[in-house]
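Written below as structure tokens is the structure these notes are about.
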Amino acid sequence: MDERTRYEAVSSRDARFDGAFFFAVVTTGIYCRPSCPAVTPKRANVRFYPTAAAAQAGGFRACRRCRPDAVPGSAEWNVRADVVGRAVRLIGDGVVDREGVPGLAGRLGYSARQVQRQLNAELGAGPVALARAQRSHTARVLLQTTGLPVTEIAFAAGFASVRQFNDTIRQIYARTPSALRAEAGTGLGGGRREGLRAGIPLRLAHRGPYATGALFDLLAAEAVARVEEVAGPPGRRTLRLPYGTGLVAVDEASPGGPWLEARVQLTDLRDLTTAVQRVRRLFDLDADPYAVDEALAADPRLAPLVAARPGLRSPGAADPEEAALRTLLGRADAAELVERYGKALDVPCGGLTHVFPEPDVLAGSAEDPVLAGLAAALADGRLRLDAGADRDEAERTLLTLPGIGRRTAALIRLRALGDPDVDPYGTPGAERWRPWRSYAVRHLEAAGAAKTAVPA
């Protein structure tokens, strides 16, 4: 998009571009999402930015009306497999907060200076600024949805000090943390115990139509006992996270707007950012259904399927290592594995009692040599499936493991890595569907028309 096209999107308040770019108004000092309901500013006063972090680095603060920090992420980062796309996904997963910029660079296989330079060149902000913007959004969610003390929120959101937290919130939102909390009416919250017991309510934004029924049907068909419950609203599952465990519940019906209603319970609040991003990947909430549906509807074979299920998503994984192991095992064997090796939750919730076993546990315990080989590759780092993994390299590694064929490797790439352009079945004519073959496959599966031409 050139700047003229972006300004047209702003003038028409086109929500399709929320998250794809941001605009700032030099006369007011604020930045907004394209669909902001405020009066459209004069073109001469508008500046465009690829990320919220870039707008913040330019000295602009977030609009109070449209809340640009709460938009869906750009779909571009799910499509791109280069170092910038991988870096953005890793930052979203909280790597910079946990491991710093050197840790991010090490995962990408580049020097910290190279990563800084590439992110600045394309996004107008480096890894620290991108992580800072994300921490600010996490802090606002905690301030406005829980009664936790402000000091605890500062560290839970990933800030190094309360002073840094206060300064950042004032700069980005133009008010104090206490003022942010007062706006949402949570100033009289019951403190830490109440906040954790009730969980954290979230609105997980998405753009465009969302075929929730088809996606929840798929998740229900795959659900593994003790780890997931999708039989009735809301759908729930357990999470294995860097600092502890968690539970997330997501409602299929969200009549209030373009989002899914969710609630997250965590044993350690530092996991909030990571938990949210992993749930977003599971439900493919950063996709661009307008681009996907337009491209696939051009094919006569897919056109009626797209018309029947507009906004069909290609789900990813809340835990990519778990997804890879489950792809190999199947539902019944995965459930048996949870019974034998799964880690029990400290506080069970209904039928949710365990998190899926970690690869290092299975590497030394699994009787199936194929399963043990995959688990060992995940445990020792030969195979990486995290948010910043190189998808081509991961597939090459998978194909070197005993018992892993091309279709299994492609299915792992589709689900565990969230690749939008995979056809595991070798469908004739699938090249016409690029770069959205994964979505075409989901349409064919939903219609019962998927073929399994590629050997497992």
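The values are calculated or read from the model by the stated rules, or taken from the named source; none is laboratory data. These numbers were taken from a predicted model, which means no experiment stands behind them. Here the Cβ is made from the backbone with ideal geometry for all residues, glycine too, and neighbour counts use every protein chain on show. When the accessible area is computed, the model is the full protein with side chains, heavy atoms only, and any ligands, DNA or RNA have been set aside. Shrake-Rupley method; radii C 1.70, N 1.55, O 1.52, S 1.80 Å.
Listing for the model above:
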item: Close pairs from region 187-214: first under 23 Å from H137 (Cβ atoms) and modelled with pLDDT of 50 or more, partner open to solvent by 40 Å² or more (accessible area, probe 1.4 Å) and not aromatic (F, W, Y), Cβ under 6 Å, at least 6 apart; result: G199/R263; G199/Q265; I200/T145; P201/T145; P201/R263; H206/P258
item: Condition met for T5 (of a type outside the set (A, V, I, L, M, F, W, C) and at pLDDT 95 or above); result: no
item: Region 284-310: number of residues that are of a type in the set (G, A, S) and either open to solvent by 50 Å² or more (accessible area, probe 1.4 Å) or modelled with pLDDT under 95 (or both); result: 5
item: Options A81, A70, A105; residue that is on the phi < 0 side of the Ramachandran plot, touching a His at 6+ places or on another chain (Cβ under 9 Å) and among the small types (G, A, S); result: A70
item: Residues located in region 358-396, provided they are open to solvent by less than 40 Å² (accessible area, probe 1.4 Å) and of a type in the set (D, E); result: D386
item: Restricting region 399-416 to residues that are without any contact (Cβ under 8 Å) to a residue 40 or more places away in the chain and of a type in the set (A, V, I, L, M), the residue that is most open to solvent (accessible area, probe 1.4 Å); result: L399
item: Residue among A323, A318 that alone is buried (at least 22 other Cβ atoms within 10 Å of the Cβ), at pLDDT 95 or above and assigned to a helix (DSSP H, G or I); result: A323
item: Output for region 135-151, where each listed residue is assigned to a helix (DSSP H, G or I) and over 19 Å from R263 (Cβ atoms); result: R135, S136, V150, T151
item: Test: residue in region 258-274 that is assigned to a helix (DSSP H, G or I), open to solvent by 20 Å² or more (accessible area, probe 1.4 Å), at pLDDT below 95 and not hydrophobic (A, V, I, L, M, F, W, C); result: yes
